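Undergrad: What follows is a structure written as structure tokens; I'll ask about it next.
The values are calculated or read from the model by the stated rules, or taken from the named source; none is laboratory data. Computed from a predicted model, the values in this text were never measured in an experiment. Backbone-built Cβ (ideal geometry, glycine too); neighbour counts: all protein chains shown. Just so you know, the surface numbers come from the protein's heavy atoms only, side chains and all, with ligands and any DNA or RNA stripped out. Shrake-Rupley method; radii C 1.70, N 1.55, O 1.52, S 1.80 Å.
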Amino acid sequence: MSAKSGLRGWLAGRLPTLAAEVAAVVALLSAAVADSPLWALPPALIAVGLLGYTWRNAVRGGSAASGSTMVIRLLLLACAYLLGVVHSGAGIVLALGVGGAALAVLAESAVTATSRSVYPVSANLRGSGLRPNLRPNTSRAVLVNGFAVVVALGCGFLGTLEVVSLVVSAAALALIGFTGWQAVTRVRARHASETRLNAALAAYEPAFLLHWEAPAGTAYQVGMWLPYLERLGKKFFVLVRSEANFNEVLRLTTAPVVLRAGLTQIDDVIVPSLRAAFYVNTATKNNHLVRYTNLTHIQLNHGDSDKVPSHNPVFRMYDRNFVAGQAAIDRFAANGVSMPAEMFRIVGRPQVENVAIAAAPIASLTAPRVLYAPTWAGFYADSNYSSLLVGYDIVKALIARGCSIVFRPHPYTIRSAALTQESERIKTLLAEDARTSGRKHLFGAQAESKMSVVDCFNASDAMVSDVSSVVADYLYSEKPFAMVAVSTPADRFTDAFPLARAAYVIDAHTGRLSGLDLVLDDLLGSDPLAATRHDLKKYYLGDIPAEGYAQHFLDEANSYL
């Protein structure tokens, strides 16, 4: 982002506040020099209106409006004092009301700063204390303070009803005082939990920990591994680095969850019983824990695919990389990333243990159900493999062939306005076709949250997807699938993404679909790649017997514990 565009963005965000400050200054000057208080009324009303506009975040539960609007409110209180006490001759009662409201507003910064120091330390861990209460609602106090300002201003213009201003400002002072007391009490509770944390973990005697740091909304990364780590039969805890991650993990496990945000806080959780640390992504903060050489550091990753992040050199940082099959190992070498062979262990993908194997050739089905599972746009341009921009046409073509659809876009689709719009278009198309044709499409909450990925696999007879770990997992079913070539032309797609050797490739590199009908003929008809899929299944997902498939991972993981 350029400095100029950054400045424009800052100005756009600050414009309502700046305008409110200017209006409040004009109102104050008008109250100071004008003969009639009516001159101050228009700018005061403008300032109050803009103040309400800037508080929309506070109404939604944030507290950003506190500091950014403090000057506005103090200017309006000064205006109220001049209008009421100086011009209208109101007495000490209004002066006390204005002063009380000003004290409440000035106290917000200290209360808000203290409140930000309230965060959970641990949960589900005996001896560390209960999880501290959530941080106090400072937004409520800010809004009440704002109401006290408006009341004082109104009393100043009217020159009467001073007692109303005093009562409201007293209530505002009481609320900000109570909120501050809550914040201090909860910070003390947090400190107490931190003091006991190391001893509580030592008494718990965990054999390993799971470290996770990721943007909010990515709980699927740990969600896919927690059931299998729990099946190891050893005590463990989950170490997270943000409050958002803490709250997400709490919904997924009954194991202890510990929040340590800073680098220097990690020492608190390294207890003598620990033998290993598992990771499910390559987050930067992983290196805060990898520095402890007394632990074996094992990278699980949250999927196996031919995407660029799957052969990131940062995987060298770990003692062991658990991979699904030989394909993951060869991928590093094929992309010029040298990795010692002893760093790898082939463990399969335990998450596919319940994926149903194809029961009959696709051509024998009269109305097949097709899973469309597009990926998202990625964090960077070189990892944008999403087909959603052409997804509507793909789904429309499948419907035209009599297919019912399971539509499950990547959870990160909502990070892109364009992809979100296309996702909604597809859902509207499916809803309309279901209404007119009676076909039972699965989409929305049904496919995205009520059903797991494996449920979607088992509910389908074929799949269309992108360069994604979903494809490698679907390979276990031996059902036919197509991949959409977005980042690379179709004629070079299999060179860049070897798993596409088992896929029917839809060309969308130019932003438009090419050869879709021919691909669908093979995907839903003769299926000439059936034998290729069977062979590549072992290469990508390990040559592991289906009976006890997940046990192979459990045995390998337990060997380090």
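Undergrad: By how many degrees, 0 to 90 and rounded to 10, does the Cα axis of helix 138-158 deviate from the longest principal axis of the chain?
TA: The two axes meet at around 30 degrees.
Undergrad: Here is a further query. Please list, in order along segment 310-327, the HN-Hα scalar couplings obtained from phi with the Karplus expression 6.51 cos²θ - 1.76 cosθ + 1.60 (θ = phi - 60°), rounded to whole Hz, x for Gly and Pro.
TA: 6, 10, 5, x, 5, 5, 5, 5, 9, 5, 9, 10, 7, 10, 6, x, 4, 4
Undergrad: Here's something else I'd like to know. Mind giving me the FRET efficiency for SER117 and THR420? R0 is 35 Å, r the Cβ-Cβ distance, nearest 0.05 is fine.
TA: Numbers: r = 36 Å, r/R0 = 1.02.
With R0 = 35 Å, the Cβ-Cβ based efficiency is 0.50.
Undergrad: Right, next: Please report, in debye to the nearest 20, how large the charge dipole of the chain is about its Cα centre when each Lys and Arg carries +1 at its beta carbon and each Asp and Glu carries -1 there. Don't skip to the end; give the middle numbers.
TA: On the way: 48 positive and 42 negative charges, 274 e Å.
So the dipole magnitude of the chain works out to roughly 1320 debye.
Undergrad: Another question, if that's okay. What is the distance, in nm, between label points placed 7 Å from the Cα along the Cα-to-Cβ direction at ASN335 and at LEU250?
TA: Taking the simple label geometry, ASN335 and LEU250 are separated by 3.7 nm.
Undergrad: If you don't mind, there's one more thing I want to ask. Counting only DSSP beta bridges with both residues in the chain, tell me the antiparallel percent, nearest 5. Could the numbers behind the result be given before it?
TA: Numbers: 3 of 40 bridges.
Once the DSSP bridges in the chain are tallied, antiparallel ones form about 10 percent.
Undergrad: Which whole-Hz couplings ³J(HN,Hα) result when phi for each residue of segment 501-515 is put into the Karplus expression 6.51 cos²θ - 1.76 cosθ + 1.60, θ = phi - 60°, listed in order with x for Gly and Pro?
TA: 4, 9, 10, 8, 8, 9, 7, 9, 5, 7, x, 10, 6, 9, x
Undergrad: What three numbers, in Å, describe the spread of the alpha carbons of segment 446-492 along their principal axes, ordered from the longest?
TA: 36, 21, 14
Undergrad: Please report, for the Cα atoms of segment 78-209, the Rg to one decimal and the Dmax as a whole number; what are they, in angstrom?
TA: 21.6, 75
Undergrad: How far, in nm, would the chain grow between GLN446 and VAL33 when pulled straight, counting 0.36 nm per residue and subtracting the alpha carbon separation? Intermediate results must be reported in sequence, preceding the final value.
TA: Working: separation 413, 0.36 × 413 = 148.68 nm, distance 6.55 nm.
Value of the extension gain: 142.1 nm.
Undergrad: Would you mind getting the Kirkwood hydrodynamic radius of the chain from its Cα pairs, rounded to one decimal in Å?
TA: Numbers: mean 1/r = 0.0362 Å⁻¹.
Hydrodynamic radius (Kirkwood, Cα only) of the chain equals 27.7 Å.
Undergrad: Then there is this: Please determine, in degrees from 0 to 90 and to the nearest 10, the orientation of helix 417-437 with respect to the longest principal axis defined by the Cα atoms of the chain, where the helix direction is its Cα long axis.
TA: Once rounded, the angle reads 60 degrees.
Undergrad: Moving to a separate point now. Given the whole protein assembly as supplied and a 1.4 Å probe, what does the accessible area of LEU263 come to in Å², nearest 10?
TA: Near enough 80 Å² of accessible area.
Undergrad: Could you work out how far helix 92-116 tilts from the main Cα principal axis of the chain, as a 0 to 90 degree angle to the nearest 10?
TA: 20
Undergrad: Can I ask one more? Kindly identify segment 197-256 as rounded, prolate or oblate by the Cα gyration tensor criterion: order the square roots of the eigenvalues as a ≥ b ≥ c, call it rounded if a/c is under 1.5, otherwise compare a/b with b/c, prolate if a/b is larger, else oblate.
TA: Working: a/c = 2.39, a/b = 1.35, b/c = 1.77.
Note, shape of segment 197-256 comes out oblate.
Undergrad: A further question follows. Considering segment 306-367, what Rg and Dmax in Å follow from its alpha-carbon atoms?
TA: 16.4, 51
Undergrad: Applying the Karplus parametrisation 6.51 cos²θ - 1.76 cosθ + 1.60 with θ = phi - 60° to the phi angles of segment 329-346, what ³J(HN,Hα) value in whole Hz is obtained for each residue in order, glycine and proline being reported as x?
TA: Couplings: 5, 5, 4, 4, 4, 5, 10, x, 9, 7, 9, x, 4, 6, 6, 9, 9, 7 Hz.
Undergrad: What are the residues whose amide H is under 5 Å from the amide H of TYR372, where those residues sit 5 or more places off or on another chain and H is modelled from the backbone?
TA: So TYR372 has HN proximity to VAL406, PHE407, ARG408, VAL464.
Undergrad: Beyond a 29 Å Cα-Cα separation, which of these cross-linked pairs lie in this structure: LYS234/LYS285; LYS396/LYS538; LYS285/LYS538; LYS307/LYS396?
TA: Numbers: LYS234/LYS285 25 Å; LYS396/LYS538 34 Å; LYS285/LYS538 34 Å; LYS307/LYS396 27 Å.
Violating the 29 Å limit, Cα to Cα: LYS396/LYS538; LYS285/LYS538.
Undergrad: Another question, then. Over the Cα atoms of segment 252-397, Rg to Rh with Kirkwood Rh, two decimal places?
TA: On the way: Rg = 19.8 Å, Rh = 18.8 Å.
Ratio value, two decimals: 1.05.
Undergrad: With a ≥ b ≥ c the root eigenvalues of the C-alpha gyration tensor of segment 216-284, is it rounded (a/c under 1.5), prolate (a/b larger than b/c) or oblate?
TA: Values: a/c = 1.59, a/b = 1.04, b/c = 1.53.
It comes out oblate by the Cα gyration axes.
Undergrad: Another question about this same structure. Taking the inverse of the average 1/r across all pairs of different Cα atoms in segment 446-542, what Kirkwood radius in Å do you get? Could you put the intermediate results ahead of the total?
TA: Numbers: mean 1/r = 0.0725 Å⁻¹.
In segment 446-542 this quantity evaluates to 13.8 Å.
Undergrad: May I pose another question? Which aspartates and glutamates, if any, have their Cα less than 18 Å from the Cα of LYS440, not counting same-chain residues under 8 positions apart?
TA: GLU424, GLU432, GLU448, ASP455, ASP461
Undergrad: Consider all pairwise Cα distances in segment 491-545 and report the whole-number % of them above 15 Å.
TA: On the way: 838 of 1485 pairs.
Counting every Cα pair in segment 491-545, those more than 15 Å apart make up 56 percent.
Undergrad: First measure r as the distance between the Cβ atoms of GLU243 and ALA359, then evaluate 1/(1 + (r/R0)^6) with R0 = 51 Å and state the FRET efficiency to the nearest 0.05. Mind dumping the intermediate values first?
TA: Working: r = 46 Å, r/R0 = 0.91.
Using R0 = 51 Å, I get an efficiency of 0.65.
Undergrad: Any chance you could check the Cα centroid distance between segment 296-318 and segment 210-247 for me, in angstrom?
TA: 17
Undergrad: What is the set of long-range amide H partners of SER122 at a cut-off below 5 Å, with H atoms built 1.01 Å from backbone N?
TA: Excluding prolines and chain starts, which carry no amide H, the hits are LEU259.
Undergrad: Using a 1.4 angstrom probe on the protein heavy atoms only, line up GLU342, GLU448 by accessible area, largest first.
TA: Numbers: GLU342 115, GLU448 70 Å².
Reading off the accessible areas and sorting them downward yields GLU342, GLU448.
Undergrad: Next up: Helix-derived [θ] at 222 nm for the chain: sum -39500 (n - 2.57) over DSSP H runs of at least 4, divide by residue count, nearest 500? Walk me through the intermediate numbers first.
TA: Working: 21 runs with 266 residues, N = 561.
Rounded to the nearest 500, it is -15000 deg cm²/dmol.
Undergrad: How would you classify segment 149-253 from its alpha-carbon gyration tensor, with a ≥ b ≥ c the square roots of the eigenvalues: rounded for a/c under 1.5, else prolate if a/b is greater than b/c, otherwise oblate?
TA: Working: a/c = 6.02, a/b = 2.68, b/c = 2.25.
In terms of gyration-tensor shape, prolate.
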